[in-house]
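Scroll down for the structure; my scribbles are underneath it.
The values are calculated or read from the model by the stated rules, or taken from the named source; none is laboratory data. Please read all numbers here as calculations on a predicted model, not as lab measurements. In this analysis, Cβ positions are derived from the backbone assuming ideal geometry, glycine residues included, and neighbour counts consider all displayed protein chains. Just the protein is used for accessible areas: all its heavy atoms, side chains included, with ligands, DNA and RNA removed. Shrake-Rupley method; radii C 1.70, N 1.55, O 1.52, S 1.80 Å.
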Amino acid sequence: MKRLPALLLALCLCLPLAACGGPPAETGSQEVTIRCGISNAWDALMPYNSVSGSNYARIVYDKLYDRLAYVHADGTLSPRGAESWESCEGGYAVLFHLDGDAAFHDGTPVTAEHWVETFTLMTDPECPALGRGNFSVFTGTDQDGCRVAGEPFGAEAVDELTLKLTFKTPTTPEDFLLDKNREFYVLPTHLLEGVEAAELMELDLWKAPVGSGPCVFVSEIPGSQLTLAANQNYQLGTPGFDYLVITVMDKSNLLTALIAGDLDYYAIGGSLSADDVPLAEASGLTVLEGTVPNTFYELMLNCERISDARVRRAIELALDKDLLCEQSTHGLGAPAGSSISPESPYAASAVPAAERDVEGAKALLAEAGYDGTSYTLVCTANRAGLAALMQQNLAEAGISVTIETVDSAAMFAGMADGTYDMGIASHTPGALPLWFTESRLSETNNIFHVSGLEPYTSRIQAIRQEADPEARSALVAELDAYLAQERPFIPLWFGTALHVQSPTVQNIDYPSASFSNENVWAWVKE
């Protein structure tokens, strides 16, 4: 069973490369190669077999495999594998009209059946797919994303180029794509006939994958370097280069390699710190300031230990968010009173950031009968300075804090098991109003140790089920007001990024890389 895909792939590779969507035949002109640096390696070339599920893996899958849409940094969407989409069945289903020019790298046209077969394989309980929980939004699946025997599955090929997805709750196309687009890729299921689901991840096919994305696999040095070729037949256009070479290197070396001319660009989005701007500009590079927030900072709280909402609100009032934001972003951020992004269509429903009020914090503490309990504040080593400022802010209101520095994994594990009382965390924000709250205020991920989740989950469910924009905005405002009252976590600020522009490659959409997609079909290197 494992030999069939390998034999078909070998046949494809024996054909002229142009017929497989590979690099062009020699024409006598000089080959054009883009050299890209990346600070963390991908952990698999099969997109449903990534242990890390990191953006560094997704940014590689983005080149080899196609997605339904392209997500811009401002939350707007453009066609990619699908030309258009529309809601149907009262908001419980979405029709995706696929691009008829899309084809796999072996020349096989991409059809709706390929998408359905991909989703069917990944939701097979026997298939060891990672990240399968993303499929749990479809009808006919359980909470783990496994298909339930005897129930209709929410992925259907209406015709050759129309994919219908049916959801358990009303879901707009935009909500689905903004939330899940980076998780779903179409696989060459015509090369997987006769393969048992349990053996799928073991195929040699994933060592030299056949996708339908803008780049074609050429070679790999695992964990070190990946060489791709331009897909001459990509439906959105042929990339303006012959080869893309992605090399793993230490993060501290990315900018210097760009300055030295050893790289043309580095992932993700060519971002750099404010401290590195003088060096970049002195070296003749252009630094662009992002306009869309790409980081959200929060103070995680253990609501079992800090059980009185008045104490939690006092902690927020004691914090000087303006000073903390400036310390962290060097002027590239704004304090927040909500996890709703300032660029979200729901920004008007967000609670604004409150001014610091130490006396107000003291009054809340007295009202709550705060007894001087000392709390642990955990952070990673690079945020120790922030933690020290927070410690000073809180002390001015009479709240005692002890700082512990650990690595990121230990911090989240300690917050999850109740070891720590507070923790400084940052995340990549989304445009949807529930991008943050839905996953952290649930029975399966109650990281804030909230004793009664129902007031949150009922409001979240009401938002998900409301399709009318005005009514939905009102529900979002209601949830945000309740969050401000209870404060299971404290929103701190949103920050924007600095992007160092490639000196050799044109048309790079730097900010959108934070959504794990890049417009490589538009890149041009002379």
Practice problem: Filter the range 29-41 for residues that are over 14 Å from VAL245 (Cβ atoms) and touching a helix residue (DSSP H, G or I) at 6+ places or on another chain (Cβ under 6 Å) and give the result. | Solution: SER39, ASN40
Practice problem: Name the one entry in VAL287, VAL292, VAL245 that is modelled with pLDDT under 95 and under 24 Å from the mean Cα position of the chain (by Cα). | Solution: VAL292
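If we scan the range 454-463, do we find a residue that is touching a strand residue (DSSP E or B) at 6+ places or on another chain (Cβ under 9 Å), surrounded by 22 or more Cβ atoms within 10 Å (Cβ to Cβ), under 29 Å from ALA513 (Cα atoms) and of a type in the set (A, V, I, L, M)? Lay out the reasoning, then the answer.
Residues of the range 454-463 touching a strand residue (DSSP E or B) at 6+ places or on another chain (Cβ under 9 Å): 456-457, 460.
Adding the requirement that they be surrounded by 22 or more Cβ atoms within 10 Å (Cβ to Cβ) leaves 456.
Filter once more, so that each one left must be under 29 Å from ALA513 (Cα atoms): none.
Scanning the range 454-463, I find no residue that is touching a strand residue (DSSP E or B) at 6+ places or on another chain (Cβ under 9 Å), surrounded by 22 or more Cβ atoms within 10 Å (Cβ to Cβ), under 29 Å from ALA513 (Cα atoms) and of a type in the set (A, V, I, L, M), so the answer is no.
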Quiz prompt | Residue satisfying all of: in the range 365-394; surrounded by 12 or more Cβ atoms within 10 Å (Cβ to Cβ) and among the hydroxyl-bearing types (Ser, Thr, Tyr); farthest from GLY423 (Cα to Cα) among these | solution = TYR370
Quiz item: Which of the residues belonging to the range 395-435 are at pLDDT below 95, open to solvent by less than 50 Å² (accessible area, probe 1.4 Å) and hydroxyl-bearing (Ser, Thr, Tyr)?
Solution: SER426
Quiz item: Of all residues in the range 155-190, which are over 20 Å from VAL110 (Cβ atoms) and either outside any strand (DSSP E or B) or of a type in the set (Ser, Thr, Tyr) (or both)?
Solution: THR166, LYS168, THR169, PRO170, THR171, THR172, GLU174, ASP175, LEU178, ASP179
Self-check item: Given (1) under 16 Å from LEU434 (Cβ atoms); (2) open to solvent by 20 Å² or more (accessible area, probe 1.4 Å); (3) not aliphatic (A, V, I, L, M), number of the condition THR171 does not satisfy
Solution: (2)
Practice problem: Could you run through the range 125-138 and say how many residues are crowded, with 17+ Cβ neighbours inside 10 Å and touching a strand residue (DSSP E or B) at 6+ places or on another chain (Cβ under 8 Å)? | Solution: 3
Quiz item: Taking the range 350-402, which residues are part of a helix (DSSP H, G or I), of a type in the set (A, V, I, L, M) and touching a strand residue (DSSP E or B) at 6+ places or on another chain (Cβ under 8 Å)?
Solution: ALA381, ALA384, LEU386, ALA387, ALA388, MET390, LEU394, ALA395
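Quick check, is GLY211 open to solvent by less than 50 Å² (accessible area, probe 1.4 Å), small (Gly, Ala, Ser), assigned to a loop (DSSP other than H, G, I, E, B) and within 20 Å of HIS105 (Cα to Cα)?
Answer is yes for this residue.
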Practice problem: Determine which single condition VAL158 fails, assuming it passes every other condition in (1) under 21 Å from ASN231 (Cβ atoms); (2) open to solvent by 40 Å² or more (accessible area, probe 1.4 Å); (3) in contact with a strand residue (DSSP E or B) (Cβ under 6 Å, 6 or more places away or on another chain). | Solution: (1)
Quiz item: In the range 505-526, which residues are farther than 27 Å from PHE184 by Cβ and touching a Phe, Trp or Tyr at 6+ places or on another chain (Cβ under 8 Å)?
Solution: VAL505, GLN506, VAL524, LYS525
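Would you check if ALA462 is more than 29 Å from ASN55 (Cβ to Cβ), touching a Leu at 6+ places or on another chain (Cβ under 6 Å) and of a type outside the set (D, E, K, R)? Walk me through how you get there before you give the answer.
Values: more than 29 Å from ASN55 (Cβ to Cβ): yes; touching a Leu at 6+ places or on another chain (Cβ under 6 Å): yes; of a type outside the set (D, E, K, R): yes.
Here the answer is yes, as ALA462 does meet what is asked.
Before we move on, is GLU151 at pLDDT 95 or above, acidic (Asp, Glu), open to solvent by 20 Å² or more (accessible area, probe 1.4 Å) and not in a loop (DSSP other than H, G, I, E, B)? Give the steps one after another, and end with the answer.
On the way: at pLDDT 95 or above: yes; acidic (Asp, Glu): yes; open to solvent by 20 Å² or more (accessible area, probe 1.4 Å): yes; not in a loop (DSSP other than H, G, I, E, B): no.
Here the answer is no, as GLU151 does not meet what is asked.
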Exercise. Those residues that are buried (at least 19 other Cβ atoms within 10 Å of the Cβ) and either over 28 Å from PRO173 (Cα atoms) or in contact with a Lys or Arg (Cβ under 9 Å, 6 or more places away or on another chain) (or both), I need them from the range 439-448; list them, please.
Key: ILE447, PHE448
Quiz item: Which numbered condition trips up LEU479, out of (1) in contact with a Ser or Thr (Cβ under 9 Å, 6 or more places away or on another chain); (2) surrounded by 21 or more Cβ atoms within 10 Å (Cβ to Cβ); (3) modelled with pLDDT under 95?
Solution: (3)
Quiz item: Do we have any residue at all in the range 106-117 that's without any contact (Cβ under 8 Å) to a residue 12 or more places away in the chain and open to solvent by 10 Å² or more (accessible area, probe 1.4 Å)?
Solution: yes
